[in-house]
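Only one structure is covered here, and it is reproduced in the block below.
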Amino acid sequence: MQASDTPAAGAPDARPFLFSGIQPSGDVHIGNYCGAIRNWVHLLDRYRSIYCIVDYHAMTSEYDPAIMQERIFQAAVANIAAGLDPERCWLFVQSQIPEHTELAWILNTITPMGLLGRMTQFKEKSRRQEENINVGLFSYPVLQAADILLYRAEAVPVGEDQVQHIEFTRDLARKFNLRFEPLFPEPEAIVPKSGARILGLDGKAKMSKSLGNHVGLLESPEQIWEKLRPAVTDENRKRRSDPGNPLICNIYTIHECFSPPELQEEVATGCREAGIGCIDCKKKLFEQMMRTLDPIRERAESLRAAPDEVRGFLEQSALECRRMATATMGEVRRRTGLR
Ligand code: AMP
Ligand code: TRP
């Protein structure tokens with residue numbers, strides 16, 4: 001997509017900018033799809049959409065440098081296959097645009113430490129990676145704010161876990177605008193009504209690339225069923241004859257993303273009245289998931305067979321987005337008294 005692309009020939013593109021990111025820290029999973037990517041695809045028409053594979057963010061947790069590039073490539077494949085159409089958005093790799101870290105530094109200087117210490121994700125990750133509580137992990141939300149503000153994006157579609165970081169970004173935008181000549185809009189988080197927080201297969205922790213509790217978006221039908229079959233449901237429902245509660249069942253939450261409303265209704269009622277067992281409910285879910293995931297998996301196969309096209313899209317996007325980033329940095333430098 002060109003920065004100057006117009007919705008109708010001759011008219012300037014007045015749509016607001018949207019930004020979101022995904023870490024190349026492992027397989028893209030159905031939590032990412034339900035909480036974020038599905039929404040990204042829906043929003044392509046309404047916004048000038050910029051998507052980013054955030055490799056700098058991924059470096060704040062343990063990772064293997066030897067497979068970083070492969071993970072970036074696979075993340076690009078999964079996202080394009082899921083619907084990030086190269087004709088309608090940009091998708092680039094964060095470290096290709098150095099202005100992200102440049103703006104992050106400047107934002108660091110107006111960020112109170114106390115605000116960062118309150119971030120839930122920092123606290124959780126610090127618990128999980130006790131041996132590696134690095135400064136990058138602490139200032140992670142500042143880099144995230146820089147990602148968004150660099151493009152003066154107004155909308156940020158994310159899952160529930162990121163809402164606090166978007167609130168933080170709004171705070172920083174406000175602080176910058178007060179301290180210097182105003183520049184940044186305060187971006188809004190867009191969170192889906194259902195699927196904003198998918199749990200892992202253990203039904204406890206959030207589904208996550210690094211916890212090994214996920215269902216990969218591109219896994220084979222056999223692999224997916226193997227994972228779905230034993231997945232935790234409403235734990236109070238011990239026997240087939242016990243009534244269950246769909247509202248505390250992760251499988252039902254996933255139904256809400258993949259199944260049509262009539263089927264959601266049918267399994268919810270069936271569950272409450274013990275009319276349907278968990279395995280049958282999972283079989284129905286599996287069928288619905290395959291309707292969405294089969295074509296995504298097939299597209300991913302063709303994209304893997306054309307790596308130059310995938311890389312070409314990433315590079316072209318970086319080139320075009322960098323122009324916008326440079327323009328914003330010019331404004332930032334002028335306002336902050338730098339040359
Ligand atoms: P990440 O994999 O942490 O880079 O997340 C990429 C996007 O997926 C973000 O918008 C997250 O909020 C969203 N996301 C990640 N995990 C989940 C989950 N378990 N449920 C819903 N959304 C999620
Ligand atoms: N922190 C986000 C996550 O873990 C990824 C991310 C980085 C992001 N920069 C962003 C999301 C900017 C939205 C906007 O999911």
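The values are calculated or read from the model by the stated rules, or taken from the named source; none is laboratory data. Computed from a predicted structure; not experimentally measured. Cβ coordinates were reconstructed from backbone atoms using ideal geometry, including for glycine residues, and neighbour counts include every protein chain displayed. Ligands, DNA and RNA are stripped out before the accessible areas are found, and what is left, the full protein with its side chains, is counted by its heavy atoms. Shrake-Rupley method; radii C 1.70, N 1.55, O 1.52, S 1.80 Å.
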Pop out the carbon and sulfur fraction of the accessible area of the chain as a percent, whole number, probe 1.4 Å.
-> 51 percent
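Cα convex hull of segment 221-300: how many Å³ per residue?
Residue-normalised Cα hull volume stands at 80 Å³.
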Under 16 Å from the Cα of LYS284 - lysines, other chains or at least 8 residues apart = LYS227
18 Å cut-off, amide nitrogen to a point 7 angstrom out along LEU319 Cα→Cβ, residues in segment 96-113 | 96-98
Which order do ASP64, ASP308 take when ranked by solvent-accessible area (1.4 Å probe, heavy atoms of all protein chains), largest first?
-> ASP308, ASP64
When the Debye formula is applied to the Cα atoms of segment 133-248, each taken as the same point scatterer, what base-10 log of I(q)/I(0) results at q = 0.11, 0.23 Å⁻¹?
-> -0.57, -1.26
Amide N of segment 137-163 lying under 19 Å from the label point, which is placed 7 angstrom from the Cα of ALA327 along Cα→Cβ = 146-155
Stokes-Einstein diffusion coefficient of the chain, Kirkwood radius over Cα pairs, 20 °C, 1.002 mPa s, in µm²/s = 101 µm²/s
How much area per residue is accessible in the chain when the probe is 1.4 Å and only protein heavy atoms are counted (Å²)?
-> 47 Å²
If you count the DSSP beta bridges with both ends in the chain, what percent of them are antiparallel, to the nearest 5?
-> 10 percent
Here, trypsin sites (Lys or Arg not before Pro) of segment 69-162 satisfying both criteria (DSSP loop; at most 15 other Cβ within 10 Å) are ARG88, ARG118
Normalised contact order of the chain, rounded percent, pairs of Cα under 8 Å and 6 or more residues apart | 22 percent
Ratio Rg/Rh, restricted to segment 46-108 and using Cα atoms, in which Rh is the Kirkwood radius = 1.01
By accessible area (1.4 Å), largest first, LEU263, LEU228 order as LEU263, LEU228
State the extension gain, in nm to one decimal, for the chain segment bounded by LEU178 and ARG46, taking 0.36 nm per residue of separation less the distance between their alpha-carbons.
-> 44.6 nm
With springs only between Cα atoms under 10 Å apart, run a GNM on the chain and tell me which of LYS175, LYS206, LYS193 wobbles the most.
-> LYS193
Highest GNM mean-square fluctuation, the chain, Cα pairs closer than 10 Å: which of CYS271, CYS89, CYS34?
-> CYS271
In what order, largest first, do ARG38, ARG339 sit by accessible area if the probe radius is 1.4 Å?
-> ARG339, ARG38
Computed ³J(HN,Hα) along segment 199-211: with the Karplus parameters 6.51/-1.76/1.60, θ = phi - 60°, integer Hz and x for glycine or proline, the list is 7, x, 5, 7, x, 10, 6, 4, 4, 8, 4, 8, 8
In segment 224-319, the trypsin sites (Lys or Arg not before Pro) that fall in loop regions by DSSP, at most 11 other Cβ within 10 Å | LYS238, ARG239
³J(HN,Hα) computed for each position of segment 300-315 - Karplus, 6.51 cos²θ - 1.76 cosθ + 1.60, integer Hz, glycine/proline x = 4, 4, 5, 5, 4, 7, 10, x, 5, 5, 4, 5, x, 5, 4, 6
